[in-house]
1. Let me have the relative contact order for the stretch B:71-289, percent, based on Cα pairs under 8 Å that are six or more residues apart.
2. Can you give the helix-only mean residue ellipticity at 222 nm for the protein assembly as shown, where every DSSP H stretch with n ≥ 4 adds -39500 (n - 2.57) and the sum goes over all residues, rounded to the nearest 500 deg cm²/dmol?
3. Pick from A:C47, A:C312, A:C55 the residue whose mean-square fluctuation is largest in a GNM of chain A, springs joining Cα atoms under 10 Å.
4. Assuming R0 = 30 Å, can you tell me the calculated FRET efficiency for the pair B:M106 and A:L77, based on Cβ-Cβ distance, to the nearest 0.05?
5. Work out from phi, with θ = phi - 60° and the Karplus expression 6.51 cos²θ - 1.76 cosθ + 1.60, the ³J(HN,Hα) of each residue of the stretch B:21-38, listed in order in whole Hz, and give x for Gly and Pro.
6. What FRET efficiency comes out for B:V125 versus B:R291 if R0 is 25 angstrom and r is the Cβ-Cβ distance? Round to the nearest 0.05.
7. Take the eigenvalues of the Cα gyration tensor for the stretch B:71-289, scale each by 5, and report the square roots as semi-axes in whole Å, largest first.
8. Using label points projected 7 Å from each Cα along Cα→Cβ, tell me how many nm separate B:F73 and A:R231, to one decimal.
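Each value in this text was obtained by applying a stated rule to the coordinates, not by laboratory testing. As the structure is a computational prediction, the values presented were derived from the model and not from experiment. So basically every Cβ, Gly included, is an ideal-geometry build from the backbone, and we count neighbours across all protein chains shown.
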Amino acid sequence: MAIAARDFRELRLDGMSRTFGVLNALKGVTLTVRRGEFIALLGPSGCGKSTALNCLAGLLTLSGGSVWLDKTRIDRLSPEDRGFGMVFQNYALFPHMSVRRNIGFGLAMQGRPKADIERKVNEALSIVRLTDQGDKLPGQLSGGQQQRVAIARAIVIEPPLVLMDEPLSNLDAKLRLEMRGEIRRIHELIGSATIYVTHDQEEALSLADRIVVMRAGEVRQVGAPEDLYLRPLHADVADFMGYRNQIRSRAVKAGNLVAISVGGASVQGTPVDATEGEVTVAIRPDDFKVAADGPIALTIESVQYHGREFYCSGRASDGNELYFQTETKVQKGDAVRLAAEPRRVLVYSRAAT
Amino acid sequence: MSEAVSPAPVEHLPLRARLALYDLDGVTLLALPALLFVVALFIYPFAYGFVLSFHPKSGGWLANYSKFFSDPFLYETIEATFRLALPATVINVLVSVPVALRVRRMRNRRILTTILVIPITLGTVLIAEGLLIYLGPQGWFNRVLVMLGIGQVRLVHNYTGVMLSLILSGFPFTFLLTLSYLTGIDPSLEQAAATLGAKARARFVHILLPLLAQGLAINLCLSFVQTFSVFPSAVLLGAPAGATRVISIAAYQAAYEQYDSSMASAIAMIMGFCQLFVVVLILAGRSFVYRGAAGGGKG
């Protein structure tokens, strides 16, 4: 008897909104999630991603819009009637119950027979690889193990939708990488839809089928990880996806490309939503190449060693600070020249942001 | 001149460092005044009274105790006190739980808490006097009953009067304690239970109650000890010669009416033993409940 998500076709958020007093925490989020999809809600803290998750779980009521599971409207249901699995940021394991009773709690609430619960709990324990820890109390487990229990407890009720609220934020870097793989594996195993809240772009990129980037209660962009990584639609999304260099400039149309000024040098870039006028130019540090004939002259101000490469910042001739990455050893005070491919230099209208 | 510097033996740390290993440092000294207070105001009088109780005015060293347990006018005070203290404590603790559950979610919790704390600041005598007038034969309460044609109810100078006063003056304390235990339970535990399909009742029975049990036991102990030593309201609102002749009245009479401080000490010792007995019983029951942190996460 394997654990498999309850069958459904799609979850539809239709203008889901929530206000807290005068604060619009969530401004009409519309999104359709299909069964089996892994969605990451990505954004800085305070962007409304956790509010969205709590609204889906039923822990917060909506102040506008609706949520549909296929043809059933679910936004007025209480959390206990929704049957979604939720993994909390602090795990929220019941401290007075053994790991087994924690995992079996949801099944016991459904009034399942004892033998049935026993079997399902064993199954869940083996999925999260904690078979021999079942009789311990949560307090006796390590952070990573507690995390696994929280996941097991959420999936054992075979929810159509699993909600995860920054589940890895309390773990150390090594464990985070390991659990990331586990979460994706479990998601594929049970075939539910997973909505995963995070502020870590790397986590979102590596886990999700689709990423929903949020800012100030609004959805800024929805897309596959590659799309978001290579072609963010707005300068703020670009900023969040690691385009650390955001340079103000004026653009002049030059065929399919635009000519802009970066660090006092004339450079060609790809227009996203602006070909002329006041623009923001976004470039990832790793898209700069150190080249003897590069147009941009830079004096290095700080160098961080990141293992294989050096992460540097330098001052350009026009006073702008630029960030770049290089594999050749450089030092503070060195003068370098940088170049960037026009397709990696994204140009955004400044009015839009 | 070459002077060999002999390396200090590793195990020979300076005294200060060795004390620090046992968490003893300068700050520890700040506990001294409190310790002196406990010794001077609790341990010494207790020991003094204990010894005094075995030096009766007349008779052998156990004469006070045998006198107490052979005179129904004296030993029945134990039952009278239990009959007041136990129900009052249990009622207060039981009522405090639903009230605290509700208050926990209120936004202007401060106002309500302030209102509830007022009885503590007023003191038992003022409450007793107030109740005496309000519930008395000429008080508002009885006048309204008479006006409605129900007729007078006797609520003071008996068991009911003392009970009402104990509940009124004891509840705020019990409530605040329950509230603080309840707010100490991580709210995400209840939310997790809800997402797992537990209705409000199941969440209370399976999550809140087990995590609260520990706090409720402590609460029971503290309010029991408080109500067991009832004195002003038993005299003012009760029938101090009859149904509410509690053990503290017996001790008072021995000390200040018969001037037998040895007998009074013996009664106080018996009273202390009764309190200890109940507290130990409650704390023993505590070993059946979960006693760890009420948080759901690490740490």
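1. 30 percent
2. So the helix-based figure for the protein assembly as shown works out to -13500 deg cm²/dmol.
3. The residue that fluctuates most here is A:C312.
4. So the FRET efficiency works out to roughly 0.75.
5. 4, 9, 6, 9, 8, x, 5, 4, 4, 5, 7, 4, x, 4, 4, 4, 4, 4
6. Given R0 = 25 Å and the Cβ-Cβ separation, E is 0.05.
7. Listed largest to smallest, the semi-axes of the stretch B:71-289 are 35, 25, 14 Å.
8. 10.3 nm
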